[in-house]
Amino acid sequence: MSEPYESLTVEVKDNVAQVTLIGPGKGNAMGPAFWAEMPVVFAELDADPEVRAIVLTGSGHNFSYGLDLVAMGDTLSGMMGGELSARPRAEFHTRLKQMQQSITAVADCRTPTVASIHGWCIGGGVDLISAADIRYASADAKFSVREVKLSIVADVGSLARLPYILNDGHLRELALTGKDIDAARAEKIGLVNDVFDDAEASLAAAHATAAEIAANSPLVVHGIKDVLDEQRTADVSASLRYVAAWNSAFLASKDLTEAMSAMFAKRNPEFTGE
């Protein structure tokens with residue numbers, strides 16, 4: 001592997017790679033390094049015959065706070081307000097498609113990925129785990145598709161992939177409210193496969209499952225994943241293209257500016273639909 005990376009670490013042992021989010025933003029928030037490094041790392045893991053399964057987790061007390069709004073300020077600042085010419089919208093569209101590919105790299109990797117989630121998994125964190133094949137959580141894990149509270153349509157994977165993980169009512173409840181749910185609720189609605197006592201137990205379970213996968217024929221494992229993915233690849237791709245176009249057209253709004261101002265001022269936003 002082409003280490004060191006700024007946003008993650010990679011360790012390989014007994015045909016299993018562990019990819020650990022490390023920030024550098026608080027709570028492993030996803031800044032420029034994350035979006036640049038994820039497709040590189042997963043392409044290398046996909047091409048490495050010694051890696052037969054991947055465990056994905058976060059360092060510290062949380063899986064990920066999601067998009068690093070401070071570090072990624074340049075990406076969003078160009079869409080603040082409501083009167084934008086075509087150029088900033090086109091530039092945002094290009095950047096958004098690149099960010100989508102950083103998550104898609106996990107989904108498209110032929111090597112199965114088992115996510116182990118503890119603490120907060122917010123926004124982009126949910127986008128990321130929706131691209132994994134299997135999801136485990138610790139009892140303290142909390143999840144939120146929170147983009148709606150920031151006046152953003154989730155646009156890098158959640159709304160494209162969660163329809164294949166959750167039933168429609170549960171997905172709409174999460175996406176339309178932006179509410180937080182705990183690990184027990186996440187397991188009940190199928191967002192995670194199983195819940196364990198703590199982060200250590202969840203990670204151990206993820207490694208045990210990864211070892212089971214790694215013990216099987218890699219050719220057949222790749223085939224199984226390929227056949228399963230074929231059922232949804234076209235729909236996911238179309239959804240990502242659509243939301244990229246939608247947000248490039250409509251993300252720029254007074255509500256977005258109000259959401260960001262309210263967040264940094266630690267007050268409730270007052271949305272007007274403008």
**Request:** Tell me, please, whether a residue that is surrounded by 24 or more Cβ atoms within 10 Å (Cβ to Cβ), in contact (Cβ under 8 Å) with a residue 40 or more places away in the chain, under 12 Å from the mean Cα position of the chain (by Cα) and not in a helix (DSSP H, G or I) can be found in region 106-119.
**Result:** yes
**Asked** For region 205-242, how many residues meet the condition of being open to solvent by less than 60 Å² (accessible area, probe 1.4 Å), among the aliphatic types (A, V, I, L, M) and without any contact (Cβ under 8 Å) to a residue 60 or more places away in the chain?
**Response** 2
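This table checks each residue for (1) open to solvent by 10 Å² or more (accessible area, probe 1.4 Å); (2) in contact with a strand residue (DSSP E or B) (Cβ under 8 Å, 6 or more places away or on another chain); (3) part of a loop (DSSP other than H, G, I, E, B).
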residue	(1), (2), (3)
VAL41	no, yes, no
ASN62	yes, yes, yes
THR75	yes, no, no
LEU96	no, no, no
**Request:** Give the residue that is modelled with the highest pLDDT, with candidates limited to residues of region 82-94 that are in a loop (DSSP other than H, G, I, E, B) and open to solvent by less than 70 Å² (accessible area, probe 1.4 Å).
**Result:** LEU84
**Every residue from region 64-73 that is open to solvent by less than 30 Å² (accessible area, probe 1.4 Å), among the small types (Gly, Ala, Ser) and in a loop (DSSP other than H, G, I, E, B)** = GLY66
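It is to be established whether one or more residues within region 47-57 are closer than 30 Å to VAL220 by Cβ and in a helix (DSSP H, G or I).
Of the residues in region 47-57, the ones closer than 30 Å to VAL220 by Cβ are 47-57.
Within this subset, residues satisfying the condition of being in a helix (DSSP H, G or I) are 47.
Looking for residues that are closer than 30 Å to VAL220 by Cβ and in a helix (DSSP H, G or I), one finds at least one in region 47-57, hence yes.
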**Item:** From the options GLY124, GLY169, residue that is modelled with pLDDT of 95 or more and touching a strand residue (DSSP E or B) at 6+ places or on another chain (Cβ under 7 Å)
**Value:** GLY124
**Message:** Exactly one condition in (1) open to solvent by 50 Å² or more (accessible area, probe 1.4 Å); (2) more than 29 Å from ILE117 (Cα to Cα) is false for SER253; which is it?
**Reply:** (1)
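The values are calculated or read from the model by the stated rules, or taken from the named source; none is laboratory data. Everything quoted here is computed from the prediction, not taken from an experiment. Cβ: placed from backbone, ideal geometry, glycine included. Neighbour counts: every protein chain shown. Keep in mind that these areas ignore ligands, DNA and RNA; they rest on the heavy atoms of the full protein, side chains included. Shrake-Rupley method; radii C 1.70, N 1.55, O 1.52, S 1.80 Å.
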